[in-house]
Amino acid sequence: MIPGPLDTRAFIEANTAWAAPPHTPEIRLRLASELYPIWRMTEDTLLERGIPPPYWAFAWAGGQAVARYLLDHPDIVQGKRVLDAGSGSGLCAIAAALSGAATVTASDVDPYAVVAIELNAAAFGAVTATADDLVGRDDGWDIVLIGDLFYEQPLAGQVEAWARRLAGRGATVLVGDPGRSYLPKTGMTRLATYEVPTTRELEDNEVRRTAVYRVAA
């Protein structure tokens, strides 16, 4: 059973601390580290307690790259309607808000992520968090951000097809990816490459070369 909102917030606050991701020092998030039990919990242990895997508790390389790109190029999102899909911690959504987006929606199907986004975004402007699965929908967004969602095959196929439909009707779709296996091999224009510090507990290297791409129709 998933705890209610108050229990969820208490769990997040007990298992994380405020910290700035290494590639986006302008933004502080509730993040887990080796100091917190959640870092050492296995996926089976979490699921036994009714807790989804805490992807929201870490600043993944793909999200850090997209956030850095937006902070360095705020004109991309200024005055635009933005969706951050599979938002996790809300890092990309917060970067869009800081860069002057008119509206920002951060979607994640994990209810813990939604509460984490609300906590993280409270100090950074208007970000609306939702647990609705928006992959496949088109609500007229100008910009869609996809940080590190090409890590498993079924999801990657759905996300690619959706991203190309959005790009086909004129939306700007930005993808941050550190070389995941299921990243599309064609129809992706590389906009920037970053060396993103990470940790061996999350990745196979302490630094991941991570690119930001624009999806072609």
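No value in this document is a laboratory result; all are computed from the given coordinates. Just so it is clear, the structure is predicted and the values come from calculations on it, not from any experiment. Cβ sites come from the backbone with ideal geometry, for glycine too, and all protein chains shown count toward neighbours.
For ARG208, the residues whose amide H sits under 5 Å from its own are VAL196, THR198, ignoring neighbours fewer than 5 places away on the same chain, with H placed 1.01 Å from N.
Our estimate of slack between ARG28 and THR186, defined as 0.36 nm per intervening residue step minus the Cα-Cα distance, is 53.4 nm.
Using only Cα atoms, tell me the angle between helix 153-168 and the longest principal axis of the chain; keep it within 0 to 90° and round to the nearest 10. The helix 153-168 is inclined about 40 degrees to the chain. Highest mobility in the GNM of the chain, judged by mean-square fluctuation with C-alpha springs under 10 Å and restricted to ARG81, ARG30, ARG169, is found for ARG169. Computed from backbone phi, the HN-Hα couplings of region 103-110 come to 9, 9, 10, 10, 10, 7, 6, 7 Hz, rounded to whole numbers (Karplus: 6.51 cos²θ - 1.76 cosθ + 1.60, θ = phi - 60°; Gly and Pro given as x). Comparing ASP110, ASP133, ASP142 in a Gaussian network model of the chain (Cα springs below 10 Å), the most mobile by mean-square fluctuation is ASP133.
Farthest towards the positive end of the charge dipole of the chain, among the residues THR128, ALA216, TYR182, is the Cα of ALA216, using unit charges on the Cβ of Lys, Arg, Asp and Glu. Taking 0.36 nm per residue of separation and subtracting the Cα-Cα distance, full extension of the segment from ALA14 to ARG137 would add 40.8 nm. Remark on ALA192: its backbone amide H falls under 5 Å from those of VAL212, a criterion applied only to residues 5 or more positions apart or on other chains, H modelled at 1.01 Å from N. Each of (1) 55, 49, 31; (2) 43, 34, 32; (3) 50, 39, 38 is a candidate for Cα extents along the principal axes in Å; the one calculated from this structure is (2). FRET efficiency for the ARG49 to ALA122 pair, using the beta carbon distance and R₀ = 22 Å, is estimated at 0.25.
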